[in-house]
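K.L.:
My structure is below; once you've seen it, I'll send some questions.
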Amino acid sequence: AQQLIELTGPGIGFAYAPESGLVASAGLISNDGTNSNIGINSDDGDDVSIFSLGYNGESGFGGGIVYTNSDGDNAAADTLGEYTTLGAGVYWNSQDMPLGVSVAWDSLENDDTNIDWDSLHFGIDYEVGPGTAHVAFQSIEADDAGDDTDQDIFEVGYSYDVNDNVTVTPSFYSQ
């Protein structure tokens with residue numbers, strides 16, 4: 001059975017989003033910040049730094065990059081340890097057709113386990129009738145001792161509004 005890892009805590013964040021479409025943010029989360037014996041940004045606590053930069057264009061095109069680093073200082077805690085992630089994605093929403101396409105890539109380097117993960121995701125949305133059809137594919141590969149942790153995930157769904165406050169999305173996915 002998979003074990004849930006708690007990745008929350010007090011933190012601070014800043015965001016910059018002028019009307020030009022540029023979007024930037026930075027943040028610090030202290031996973032052990034609620035523990036008064038450890039505190040925020042201490043040598044004994046796990047602290048996670050997050051930086052992002054993106055662009056939301058008026059022509060329906062956009063993208064972004066997200067970098068995350070965890071110092072993994074609290075070896076006794078139930079966390080991922082010391083790791084670094086990097087993700088990048090782009091999207092395009094056609095102005096001439098009811099179509100949206102997105103592609104994203106993510107990686108995780110865990111310095112404590114020496115296991116690296118890479119993920120590639122493709123998604124397509126297309127307006128059909130009163131709703132939107134969704135199709136997605138994701139491939140996750142782990143650089144570990146075997147292929148049993150690698151996954152290919154497919155998803156098909158359809159979203160439609162029941163009223164102004166309720167959207168129903170029946171879907172099917174396989175992994």
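The values are calculated or read from the model by the stated rules, or taken from the named source; none is laboratory data. Predicted, not measured: the structure shown is a model, and the values here were computed from it. Backbone-built Cβ (ideal geometry, glycine too); neighbour counts: all protein chains shown. The protein model used for the area step is the full one, side chains on, heavy atoms only, and it has no ligands, DNA or RNA in it. Shrake-Rupley method; radii C 1.70, N 1.55, O 1.52, S 1.80 Å.
K.L.:
Determine whether region 46-65 contains at least one residue that is under 27 Å from ASP112 (Cβ atoms) and over 15 Å from the mean Cα position of the chain (by Cα).
P.N.:
Within region 46-65 (the criterion being under 27 Å from ASP112 (Cβ atoms) and over 15 Å from the mean Cα position of the chain (by Cα)), the answer is yes, since at least one residue qualifies.
K.L.:
If you don't mind, there's one more thing I want to ask. Against the definition (hydroxyl-bearing (Ser, Thr, Tyr), open to solvent by 40 Å² or more (accessible area, probe 1.4 Å) and farther than 30 Å from ASP125 by Cα), how does SER49 come out, yes or no?
P.N.:
For SER49, the condition - hydroxyl-bearing (Ser, Thr, Tyr), open to solvent by 40 Å² or more (accessible area, probe 1.4 Å) and farther than 30 Å from ASP125 by Cα - is not met.
K.L.:
Another one. Which one of these is among the aromatic types (Phe, Trp, Tyr) and within 20 Å of ASN110 (Cβ to Cβ): TYR55, TYR83?
P.N.:
Being among the aromatic types (Phe, Trp, Tyr) and within 20 Å of ASN110 (Cβ to Cβ) holds for just one of TYR55, TYR83, which is TYR83.
K.L.:
Right, something else. Go over the candidates LEU53, LEU28, LEU86 one by one and state the one that is modelled with pLDDT of 95 or more and in contact with a Ser or Thr (Cβ under 7 Å, 6 or more places away or on another chain).
P.N.:
LEU86
K.L.:
Still on this structure, I have one more. Show me the strands (runs of 3 or more DSSP E) entirely contained within region 79-175 in which 1 or more residues are free of Cβ contacts under 8 Å to residues at least 24 places away in the same chain, within 30 Å of ALA24 (Cβ to Cβ) and open to solvent by less than 80 Å² (accessible area, probe 1.4 Å).
P.N.:
Strands (runs of 3 or more DSSP E) meeting the threshold: 83-93, 99-110, 115-128, 131-143.
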